[in-house]
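The values are calculated or read from the model by the stated rules, or taken from the named source; none is laboratory data. Worth saying up front: this structure is predicted, and the values here are computed from it rather than measured. Note: ideal-geometry Cβ built from the backbone for every residue, glycine included; neighbour counts use all protein chains shown. Each accessible area value is taken on the protein alone, full model and side chains, heavy atoms only, with ligands, DNA and RNA left out. Shrake-Rupley method; radii C 1.70, N 1.55, O 1.52, S 1.80 Å.
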Amino acid sequence: QVQLVESGGGLVQAGGSLRLSCAASGRTVSSFTMGWFRQAPGKERDFVAALNWNGRNTYYADSAKGRFTISRDNAKNTVYLQMNSLKPEDTAVYSCAAYRGGSIYSTNSYSRWGQGTQVTVSS
């Protein structure tokens, strides 16, 4: 079974950038649509971005459009989330998951969640 491990989070000032990675092991995810979600303290997990197996189709939450870029390197079995112009409201635990069907924007449509990586944006 596939296992996902996120990395790249940290503490950054507002306006800064971070690049998150989601490395898969156990099996290839090159044929899967993959997604990034985030969960702030006391809030529900929200959709951030997703892309299909070849990276040609991307989907973004309104809050991520123009600032975040999702990409993948299937040779490395890894999905990335480049986050620019970060804001304090982007502070959350960011997790990746594999899409299994249904709405691309719903957490219920994903499985094989990673443990997440903390992103903290200071003002």
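Structure above, values below:
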| item | result |
| --- | --- |
| Residue in region 53-66 that is open to solvent by less than 20 Å² (accessible area, probe 1.4 Å), within 24 Å of V12 (Cβ to Cβ) and in contact with a helix residue (DSSP H, G or I) (Cβ under 8 Å, 6 or more places away or on another chain) present | no |
| Residue in region 45-68 that is of a type in the set (D, E) and in contact (Cβ under 8 Å) with a residue 12 or more places away in the chain present | yes |
| Selection from region 101-123 of residues that are open to solvent by 50 Å² or more (accessible area, probe 1.4 Å) and farther than 16 Å from Q39 by Cβ | G102, S103, R112, S123 |
| Criterion violated by T69 - all others in (1) under 16 Å from L20 (Cβ atoms); (2) β-branched (V, I, T); (3) open to solvent by less than 50 Å² (accessible area, probe 1.4 Å) satisfied | (3) |
| Top-ranked residue of region 79-100 - restricted to ones that are open to solvent by 30 Å² or more (accessible area, probe 1.4 Å) and part of a loop (DSSP other than H, G, I, E, B), ranked as modelled with the lowest pLDDT | R100 |
| Of all residues in region 40-55 being out of contact with any Ser or Thr (no Cβ under 7 Å at 6 or more places or on another chain) and either of a type in the set (V, I, T) or within 18 Å of T28 (Cβ to Cβ) (or both), the one that is modelled with the highest pLDDT | V48 |
| Region 1-37 - residue that is closer than 17 Å to S122 by Cα and either within 16 Å of the chain's Cα centre (by Cα) or among the β-branched types (V, I, T) (or both) and, of those, most open to solvent (accessible area, probe 1.4 Å) | R19 |
| Cross-chain or 6+ apart pairs with Cβ under 7 Å, region 5-16 first and touching a residue at least 12 places away in the same chain (Cβ under 8 Å) and among the acidic types (D, E), then open to solvent by less than 30 Å² (accessible area, probe 1.4 Å) and in a loop (DSSP other than H, G, I, E, B) | E6/G114; E6/G116 |
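Table: residues versus (1) within 19 Å of G116 (Cβ to Cβ); (2) among the aliphatic types (A, V, I, L, M).
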site	(1), (2)
F32	yes, no
R38	yes, no
N54	no, no
G66	no, no
D73	no, no
K76	no, no
E89	yes, no
A98	yes, yes
